[in-house]
Amino acid sequence: MVTKNIWISHLLRRAGFGCTPKELHHFSKLGYEAAVDELIYPDTVDNSALDRVIGSQDFDFTQIDDLRRWWLYRMTFTKRPLEEKMTLFWHGHFATGDNKVRNAYNMYLQNLLLRKHALGNFQDLLMGITRDPAMIVYLDNQQNRRGKPNENYAREVMELFTMGIGNYSERDVKEAARAFTGWHTRQASFFFNTRQHDYGDKNVLGVHGDLDGSDVVRILAARPSTARYLAKKLITFFAYDNPDPQVVEEIASVYVMSKFKIKPMLKAIFKHPTFLSEKAYHAKVKSPVELVVGTLKHLEMQNLDADLPTMMSRMGQNIFNPPSVKGWDGGAAWVSTDSMMERFNFAARATAQKFDELHYYASPSELVYKQNIRNAGQLVDYFLNLLVEGDVPPETRRRLITYVSSDLTGKQVSALADDRTLDAKLRGLVHLIMTSPAYQLA
Amino acid sequence: MNNSDNSSSNVTRRNFLKGLGVAGLWMSHSELFALAAQAATVKRIAGKDKILVVVQLSGGNDGLNTVVPYGIGSYYDARPQIGIKPNEVLALNGQLGLNPSMTGLAQLFKKGKLAVIQAVGYPNANRSHFRSIEIWQTGCPDKIRDTGWLGRYLDLSSSGNNFANNLLAAVNVDPVLPKTLSANKVIVPSVASVEDFRFKVDPDYPQDRGSQISAFEDIYANFNLRRPYVDLLRKVGLEANKASDNLLAVTKNYRSSVDYPETEFARGLKFISQMITGGVNSKIYNISLNGFDTHVNQARTQSRLLKNLSEGLASFQADIEAHGVADDVVVMVFSEFGRRVAENNGRGTDHGTAEPMFVLGNAVHGGIYGDHPSLTNLDNGDLRHKIDFRSVYASVLDRWLKADSQAILGNKFDQLPFV
């Protein structure tokens, strides 16, 4: 039963944020190919249930904390997980932080922009982000004026958003900055300040003329180095680290052939033989967002009103405030002693009945109530399958069985004394699985 | 980040764990905890080890408005709006003065405890934040390396046959480990605060804590699963628990009469002082202060940050002096680059090249080192560096940490006598 579903679980972990047992059932019934299609074409999926949940919450989009909770609700309750996952990808790619923008509503507008183009055309997305009020403030294009260019956006758009370092010269940066002069923002929208725009001749990457911002966007979106840069970043985000150059070329050529469309690249990644192989399976570290939202889903937790965004932030991922314009590095960068301790303590909070005056999150005994479980081995297997698809060494399973067959003093017993002890042991069991290396793997 | 480097560092980690197993050093966890507890009770002996605190100013600090060349007229030509006036600077001599918000460091300069090293940089300066910080952190401008310059120092000075000596060889006080401290043999813990750095369990069932911790340790010790990140997760997960117990033990008796400012940076410095005075045997501490990327309205942001830096370091220095350990500690301050000589139109400055560095401590020979870079003979609008940053590193390594700078930096660099 488990082995049949691991590739569906794997797909939902990468293209989404993990799944509830019900969602796993739904996608398993579809089969892998149809599951990929449903994820890639979110417009075909009714998402009105999410709209109702959001509507009931009365979020204030001028408050950054509300914005964080709003997005957490979306990621948890959406029926279109890939749309949210790609929005998160683009948030890390076009990293913009409210610590500098200081305008939650503009951050909200940017998030809508990222979601609108999340699975669309990269050139449109790049044009949108270049004209986006939050980005214009974040990378100082508001101060980019004729005769006194500010290079910040011009540099980062080449280094981090499109081609990557080494594919342009300092002169390209300076000339592109002139093309972006006067691309300002006013009252939460884009404003082309003609008096501050430099109409002179420019030369960006070998293209001459009176170039403006849209010309530079078109030049950058069409560069082969952009195709490779995006392909490599998407493969690394969705599949595995250090992709072979030929796989990068394969995905990059899909971008070029489709004229900068995002969907065909994702489809090619999810259907690539290496995505469905040991090379990709449990080969990445979950980001804090994946860890937290995945836990909410796996354990069908209802209480989201605690400080979950703060916990994600302490693990190293503060949404709407990435550490720099480079976004989050991911991989080994998620793993420090401090962030591991925060992951352990999130596991403690998620499984504790009461913690720091908060109501309980998860209720493991409710989850196993309807299962036909007769012994400690079946109990351990149930939660190992639910949380990590049973992907642990045999020693771990044996040690967990020893743990649940002991009472609160640590003494081995043949049967647990009472419901209270059973509840403690079930919570402890889920806590231990969540602190294990296996649960940190995506 | 470079891919081949990534994978090679994973291989090295695996080999390292394997090596430990062969040597019989992958001891059981109760032994490891006993060692940690033992290490925790040993008071550090004054004068025994030299300690380096590295302060990273992230974002590219504008050097010309930090150490202001108020005696050079062309400074005011380049900066008509954001130039700091001669009567405002905290004069160091007839030509140079500190930013007015840096009173704490100005006093330490007067006491001869602050060295200012001018025009530090490297050839073919890179103006990308991310590449340039990597160059400073790895000590290598020519190619991408996966270890930091202090990581290589830790590797070379770790005694391979005594794991206990390598516990907490260095501590990073930021949430993310900088490449500076990335090493092959030693894992450096990142700890932002001792209070939150504890393994917690369900408060309704506190009596189950022992069972859970013992199961946790056994699971980690025997987690032999062949997946790419498993070795790293195991090592860091165990280290987290181990370091948590150790740090709690050594910091609980700390008392201080010095009032630190109420900033995150100062809290981090206070924590470092707690560790040094409490007996953590780390030789390197790392901390950073962020937000120096002042493309716009620089004055307000930069003076707030420099005040934070200066007051924090002055409190730290007073605190370790009061605890009698100041002779063993040197602080080094750097940023990934300085900024453009000419101001931009937003009362800010764009990415540049050379910058001044600070080295601070009782053992430091205070003063100004090196010549001021020309403000008119520029490289594409940027300062030409006069001192290679690796000369500063080499001086700290050879003269302070008594290490082999050539082995660490791959070359011999000129020494500066600031320490």
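The values are calculated or read from the model by the stated rules, or taken from the named source; none is laboratory data. Treat the numbers as computed from the prediction; the structure is a model and nothing was measured. Here Cβ is always computed from backbone atoms with ideal geometry, including for glycine, and neighbour counts include all displayed protein chains.
Worth a mention:
- Within segment A:149-169, tally of residues that are facing chain B (nearest Cβ under 8 Å) and touching an Asp or Glu at 6+ places or on another chain (Cβ under 9 Å): 6
- In segment B:251-280, the residues that are over 26 Å from B:Gly291 (Cα atoms) and either of a type in the set (D, E, K, R) or touching a Cys at 6+ places or on another chain (Cβ under 9 Å) (or both): B:Lys252, B:Arg255
- Out of A:Asp407, A:Asp418, A:Asp423, A:Asp391, one residue alone is among the acidic types (Asp, Glu) and away from chain B (no Cβ under 11 Å). It is A:Asp418.
- Among the conditions (1) within 21 Å of A:Gly330 (Cβ to Cβ); (2) outside any helix (DSSP H, G or I), the only one that A:Glu84 does not satisfy is (2).
- When the strands (runs of 3 or more DSSP E) confined to segment A:155-205 are screened for residues that are more than 21 Å from A:Phe94 (Cα to Cα) and without any contact (Cβ under 8 Å) to a residue 40 or more places away in the chain, those reaching at least 2 such residues are found at A:202-204.
- A:Phe180, sole failed condition from (1) surrounded by 17 or more Cβ atoms within 10 Å (Cβ to Cβ); (2) under 25 Å from the mean Cα position of the chain (by Cα): (2)
- Some residue of segment B:102-116 being closer than 25 Å to B:Leu383 by Cβ, in a loop (DSSP other than H, G, I, E, B), among the aliphatic types (A, V, I, L, M) and touching a helix residue (DSSP H, G or I) at 6+ places or on another chain (Cβ under 8 Å): yes
- Within segment A:281-310, being of a type in the set (A, V, I, L, M), under 16 Å from the mean Cα position of the chain (by Cα) and away from every other protein chain (no Cβ under 11 Å) holds for A:Val289, A:Leu291, A:Val292, A:Val293, A:Leu296, A:Leu308.
- Residue count for segment B:307-344 satisfying the condition of being in a loop (DSSP other than H, G, I, E, B), crowded, with 21+ Cβ neighbours inside 10 Å and among the hydrophobic types (A, V, I, L, M, F, W, C): 2.
- Meets criteria (part of a loop (DSSP other than H, G, I, E, B), under 17 Å from the mean Cα position of the chain (by Cα) and not hydrophobic (A, V, I, L, M, F, W, C)) for A:Asn242: no
- Candidate set from segment B:182-221 (those that are small (Gly, Ala, Ser), at the interface with chain A (Cβ under 7 Å from one of its Cβ atoms) and crowded, with 17+ Cβ neighbours inside 10 Å); member that is nearest to B:Leu168 (Cα to Cα): B:Ser190
- Residue under evaluation A:Ala134, criteria (1) buried (at least 24 other Cβ atoms within 10 Å of the Cβ); (2) of a type in the set (A, V, I, L, M); (3) part of a loop (DSSP other than H, G, I, E, B), criterion not met: (3)
- For segment B:367-394, a residue qualifies if it is farther than 21 Å from B:Pro141 by Cβ, over 23 Å from the mean Cα position of the chain (by Cα) and not polar (S, T, N, Q), and the qualifying residues are B:Asp371, B:His372, B:Leu375.
- Hey, A:Ala134 away from every other protein chain (no Cβ under 14 Å) and modelled with pLDDT of 95 or more or not: yes
- The C-beta contact set for segment B:131-157 (first residue more than 14 Å from B:Val186 (Cα to Cα) and in a loop (DSSP other than H, G, I, E, B), second residue at pLDDT below 95 and hydroxyl-bearing (Ser, Thr, Tyr), distance under 7 angstrom, 6+ apart or interchain) is empty.
- Residue count for segment B:346-362 under the criterion of being within 18 Å of A:Asn144 (Cβ to Cβ) and of a type in the set (Ser, Thr, Tyr): the result is 1.
- Unmet criterion (only one of (1) within 21 Å of B:Thr180 (Cβ to Cβ); (2) at the interface with another protein chain (Cβ under 8 Å from one of its Cβ atoms); (3) outside any helix (DSSP H, G or I); (4) not small (Gly, Ala, Ser)) for B:Asn224: (1)
- Members of segment B:246-300 that are polar (S, T, N, Q) and either surrounded by fewer than 17 Cβ atoms within 10 Å (Cβ to Cβ) or away from chain A (no Cβ under 14 Å) (or both): B:Thr251, B:Asn253, B:Ser256, B:Ser257, B:Thr263, B:Ser273, B:Gln274, B:Thr277, B:Asn281, B:Asn290, B:Asn297
- Among the residues of segment A:391-416, the ones that are within 12 Å of A:Ser436 (Cβ to Cβ), part of a loop (DSSP other than H, G, I, E, B) and of a type outside the set (Asp, Glu) come to 2 in all.
- Within segment B:229-276, the residues that satisfy the criterion of being charged (D, E, K, R) and either part of a helix (DSSP H, G or I) or under 22 Å from A:Ser336 (Cβ atoms) (or both) are B:Asp231, B:Arg234, B:Lys235, B:Glu239, B:Lys242, B:Asp245, B:Glu264, B:Arg267, B:Lys270.
- Meets criteria (facing another protein chain (nearest Cβ under 7 Å) and of a type in the set (Phe, Trp, Tyr)) for A:Phe344: yes
- Criterion (closer than 26 Å to B:Thr349 by Cα, in contact (Cβ under 8 Å) with a residue 60 or more places away in the chain and surrounded by 22 or more Cβ atoms within 10 Å (Cβ to Cβ)) met by exactly one of A:Phe94, A:Phe122: A:Phe94
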